[in-house]
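Heads up: the structure comes next, in structure tokens.
The values are calculated or read from the model by the stated rules, or taken from the named source; none is laboratory data. Every value quoted in this text rests on a predicted model; they were computed, and no experiment measured them. Don't worry about glycine lacking a Cβ; one is built from the backbone with ideal geometry, like all the others, and counts go over all protein chains shown. We work out accessible area using only protein heavy atoms, side chains counted, and drop any ligands, DNA or RNA first. Shrake-Rupley method; radii C 1.70, N 1.55, O 1.52, S 1.80 Å.
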Amino acid sequence: MAILREHASLHALPADSWDALSGGQPWLSHALLSALEDSGAVSAATGWQPAHLALWEGEQLCAVAPRYLKTHSRGEYVFDWSWARAYAEHGLNYYPKALGAVPFSPIPGPRLLAADAHSRLALAQGLADAGHGQSGSHVLFVPDADRAALQSVGFLPRMGVQFHWQNAGWPDFAAFLASLRQDKRKKIRQERQKVAAAGVQIVQRSGSDIREADWVFFEHCYRNTYQEHRSHPYLPLAFFLLLGQRLPEACVLFLAYRGQQPIAASLCLRDAHRLYGRYWGCIEQVDCLHFELCYYAGIDYALAQGLAVFEGGAQGEHKLARGFLPVPTWSMHRLQQPALHQAIGRWLAQERQVMAEYLAEQHAASPYKTAG
């Protein structure tokens, strides 16, 4: 008989079984998620208490779901602050809540890591049965199979939009540019020329070629960007060092140099098919350097490696003009308070209509010569 159990640490779950269920995606890997725990980025102290849900049949791990008990809504990229206010206005506690997600990452992918539909449904039911005084359960950036399983046990769907670059088989960046409308080609060329004219060169390092000094510099840039926005970074240097040690084959680092001096950096992860753009920062402002490091260098890399998709992260209509096309994303929500669950369900139905219209508008504004 299969039994659902909650685990307060990823180290209670076998890495090989977890990775077999996660399908080799770096952002769902045992190495990355355990590095978040071991570096202190996720913990009760940071408001991300691990509470991973696992389906066991004897000693066999059949299915898992990364899950956290949250005491705030930061670092999620699906915004529910108004829901928390509604709870407070009714004299109810919105926190803690249960969150099925990859911390600090808006990357879509499976959250119910199961080999079959029956196990997936068992996980979904387990996520629906909130405990620990939780106001409800939320599962972010899910694929269609997870969405269907969660919706069948009472979760409400919420639609979002991201912008992803999709490889049409271009042999190089010039061929990609040639597929764009003339005004978009001109703008991208101008932006890249501004960076080159400033004497900036981009260096790409990956895997074991990324040195400890590179990680230290990248983290400095990353932290500096948060501080400039009067915010506190979620991830410490210890996490990035552990990431480089435990998952080097997935790491791609782009460094901007002026002469011998590095001035900016951006970090991506990759698997066999996709490049995932995540973090960036700089210690010197150069016009259009953000676009070069976060978009164009990644497109160059994806073309050279034959990757099918480059995910540029959350939000950002400005990505459309640079070749990234809109795609829908889905998150699922189940509130324990029946009246508020129903009220939020009505609000989400209206929001989905607005988002569908926005998605259509963005598709109509495609930067390509012909609809893709």
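With a Cα cut-off of under 17 Å and a minimum spacing of 8 residues unless on different chains, the lysine pairs in the chain number 10. The accessible area of ILE344, taken with all protein chains in place and a 1.4 Å probe, comes to roughly 20 Å². Remark on GLY136: its backbone amide H falls under 5 Å from those of ALA98, GLN336, a criterion applied only to residues 5 or more positions apart or on other chains, H modelled at 1.01 Å from N.
Taking square-rooted eigenvalues a ≥ b ≥ c of the alpha carbon gyration tensor, is the range 199-252 rounded, prolate or oblate, where a/c under 1.5 means rounded and, failing that, a/b exceeding b/c means prolate? Mind showing how you got there, number by number?
Working: a/c = 2.66, a/b = 1.30, b/c = 2.05.
Verdict is oblate for the range 199-252.
As an equivalent ellipsoid, the range 147-190 spans semi-axes of 39, 13, 6 angstrom, where each value is the square root of five times an eigenvalue of the C-alpha gyration tensor, largest first. 3J(HN,Hα) along the range 115-125: 8, 8, 5, 5, 5, 4, 5, 4, 5, 4, 5 Hz, from the Karplus curve 6.51 cos²θ - 1.76 cosθ + 1.60 with θ = phi - 60°, whole Hz, x for Gly and Pro.
Remark: the Cα gyration tensor places the range 108-220 in the prolate category, a/c being 1.5 or greater and a/b exceeding b/c. Taking amide H positions as modeled 1.01 Å from N, with prolines and chain starts lacking one, no residue 5 or more places away or on another chain lies under 5 Å from ALA8. Quick one: with all protein chains in place, what share of the accessible area of the chain is carbon or sulfur, to the nearest percent (1.4 Å probe)? Carbon and sulfur atoms account for 52 percent of the accessible area of the chain.
Using the heavy atoms of the protein chains and a 1.4 angstrom probe, tell me the accessible area per residue for the chain in square angstrom.
43
Rg/Rh for the range 236-372 (Cα atoms only, Rh after Kirkwood) is 1.07. For GLN201 and ALA343, the FRET efficiency from 1/(1 + (r/R0)^6), where r spans their Cβ atoms and R0 equals 35 Å, is about 0.05.
Amide H contacts of GLN25: none lie under 5 Å away among residues 5 or more positions distant or on a separate chain (H built 1.01 Å from N in the peptide plane; Pro and chain starts excluded).
Rounded to the nearest Å, what's the spacing between the alpha carbon centres of the range 146-191 and the range 1-43? Just the number, please. Spelled out, the Cα-based centre of one part sits 29 Å from the other. Karplus-based coupling profile of the range 314-323, in residue order and whole Hz: 7, 6, x, 4, 4, 5, 4, 5, 10, x, with θ = phi - 60° in 6.51 cos²θ - 1.76 cosθ + 1.60 and x standing for Gly or Pro.
Let me make sure I get this right: for the range 72-135, a, b and c are the square roots of the gyration tensor eigenvalues over alpha carbons, sorted descending. Under 1.5 in a/c it's rounded, otherwise prolate if a/b > b/c, else oblate. Which is it? Working shown, then result.
Numbers: a/c = 3.19, a/b = 1.55, b/c = 2.05.
Note, shape of the range 72-135 comes out oblate.
If Lys and Arg each add +1 and Asp and Glu each add -1, what is the summed charge of the other residues whose beta carbon sits under 12 Å from the beta carbon of GLY199? Could the numbers behind the result be given before it?
Working: positive: LYS194, ARG258; negative: GLU284.
Value of the local net charge: +1.
Can you compute the helix-only [θ] at 222 nm over the chain? Use -39500 (n - 2.57) per DSSP H run of at least 4 residues, normalise by all residues, nearest 500 deg cm²/dmol. Walk me through the numbers on the way to the answer.
Details: 11 runs with 132 residues, N = 372.
Result for the chain, helices only: -11000 deg cm²/dmol.
Between the helical axis of 182-197 and the longest alpha-carbon principal axis of the chain there is an angle of about 70 degrees.
Output the antiparallel fraction of DSSP beta bridges having both residues in the chain, as a percent to the nearest 5.
Numbers: 61 of 67 bridges.
The antiparallel proportion sits near 90 percent.
Applying the Karplus relation 6.51 cos²θ - 1.76 cosθ + 1.60 with θ = phi - 60° to the range 230-238 yields 3J(HN,Hα) values of 6, 10, 10, x, 7, 10, x, 4, 4 Hz, where x marks Gly and Pro.
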